[in-house]
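The values are calculated or read from the model by the stated rules, or taken from the named source; none is laboratory data. The structure presented is a predicted model; accordingly, all values stated were derived computationally and were not measured. No Cβ is skipped: glycine too gets one built from the backbone with ideal geometry, and neighbour counts run over all protein chains shown.
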Amino acid sequence: MIFRLFGNVSQRVPSFLYRVSLMMKPQVVFVLGGPGAGKGTQCSNIVENYSYTHLSAGELLRAEQARDGSEVGYLISTYIKEGKIVPVEITINLLKKAMEETMQKDEKKFRFLIDGFPRNEDNLEGWNKVMDSKADVKFVLFFDCSNEVCVSRCLERGKNSGRTDDNRESLEKRIQTYLHSTRPIIELYAKLGKVRTIDASRSVDEVFADVKVILDKEG
Ligand code: ADP
Ligand code: C5P
Ligand code: MG
């Protein structure tokens, strides 16, 4: 019995080590900008043209909110409607799981666009605690756009999005959260020379042309 067990383990260890040695450390680009700046739109364009996997923190939270049996669904729904940032313990677990699942399915998929994260100090602390040693943050792609343009794009999106936060009342709160909580995080990365700023007020194609210049240069 012992012999059999031992035999199995010794057969498994080399192949496990081999798989781990093949796995690349995840390479991450954080994608930030105001609500409606065009983060999701540009991430879709990037995925079509480059080998990146798009993970939107907001979309992961909405999916968790809608999941049957979720213990945090109600909490997430209230935070989203109020334009507040959900405690990072929830968000980081969703991101980590999505990254691990992506890489387990295909180890060549180690480049990630993490859209809408880190949005405040709590998010950043959570990332540093859980993921900093496990992934490399290459830079922050910052879609810069006036609040007026952000609000009008979200209101337009709200006609069909079914989102509980694409309305004037929630948007006022989301803009305040962006200005007071997210901009300081962008400033922090800027001081480290890690922010690539794009004027996001132009057309989708014009914005993407600038995105391409950055990605062609920095991968
Ligand atoms: P975010 O993910 O930053 O909230 P989205 O990519 O969802 O933003 O875009 C918000 C809305 O604005 C969507 O309805 C989208 O179709 C539209 N949109 C995105 N980029 C542009 C652009 N450059 N010009 C005009 N409308 C845009
Ligand atoms: O990025 P998106 O617009 O999809 O985010 C929608 C909402 O999801 C945010 O306004 C916020 O309430 C929540 N969110 C969060 N933490 C993040 C990203 C999104 O709490 N890192
Ligand atoms: Mg989005």
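Quick look at the numbers
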item	result
Region 36-62 - residue that is in a helix (DSSP H, G or I), aliphatic (A, V, I, L, M) and more than 8 Å from ligand 2 (Cβ to nearest atom) and, of those, surrounded by the fewest Cβ atoms within 10 Å (Cβ to Cβ)	47
Test set (1) more than 15 Å from ligand 3 (Cβ to nearest atom); (2) closer than 24 Å to residue 195 by Cβ; (3) over 13 Å from the mean Cα position of the chain (by Cα) - residue 52 fails condition number	(3)
Test: residue in region 75-82 that is surrounded by 15 or more Cβ atoms within 10 Å (Cβ to Cβ) and at positive phi	no
Flag for residue 108 being more than 16 Å from ligand 3 (Cβ to nearest atom), out of contact with any Gly (no Cβ under 8 Å at 6 or more places or on another chain) and either within 15 Å of residue 28 (Cβ to Cβ) or not acidic (Asp, Glu) (or both)	yes
Contacts under 7 angstrom Cβ, first residue in region 55-83 being closer than 22 Å to residue 178 by Cα, partner of a type in the set (Phe, Trp, Tyr) and more than 11 Å from ligand 2 (Cβ to nearest atom), 6 or more apart	55/112
Any hit, region 172-195, residues being among the charged types (D, E, K, R), modelled with pLDDT under 95 and exposed (fewer than 15 other Cβ atoms within 10 Å of the Cβ)	no
Hits in region 121-159 - residues which are crowded, with 20+ Cβ neighbours inside 10 Å and more than 17 Å from the chain's Cα centre (by Cα)	145, 150, 153, 154
Number of positions in region 198-219 that are in a loop (DSSP other than H, G, I, E, B), away from ligand 2 (no atom under 16 Å from the Cβ), within 28 Å of residue 82 (Cα to Cα) and in contact with a Phe, Trp or Tyr (Cβ under 9 Å, 6 or more places away or on another chain)	0
Neighbours by Cβ (under 8 Å, 6+ apart or cross-chain): first from region 193-205, at negative phi; second of a type in the set (Ser, Thr, Tyr) and within 16 Å of ligand 2 (Cβ to nearest atom)	195/189; 204/41
Residue that is more than 10 Å from ligand 1 (Cβ to nearest atom) and farther than 24 Å from residue 109 by Cα, where the choices are 46, 76	76
Odd one out for residue 104, checked against (1) part of a helix (DSSP H, G or I); (2) within 16 Å of ligand 1 (Cβ to nearest atom)	(2)
Residue 198 in contact with an Asp or Glu (Cβ under 8 Å, 6 or more places away or on another chain), β-branched (Val, Ile, Thr) and closer than 22 Å to residue 44 by Cβ	yes
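Residues are listed down the side, and each one gets a yes or a no for (1) in contact with a Leu (Cβ under 6 Å, 6 or more places away or on another chain); (2) assigned to a loop (DSSP other than H, G, I, E, B); (3) within 13 Å of ligand 2 (Cβ to nearest atom):
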position: 69; (1), (2), (3): no, yes, no
position: 76; (1), (2), (3): yes, no, yes
position: 91; (1), (2), (3): no, no, yes
position: 114; (1), (2), (3): yes, no, yes
position: 117; (1), (2), (3): no, yes, yes
position: 134; (1), (2), (3): no, yes, no
position: 137; (1), (2), (3): no, no, no
position: 141; (1), (2), (3): no, no, no
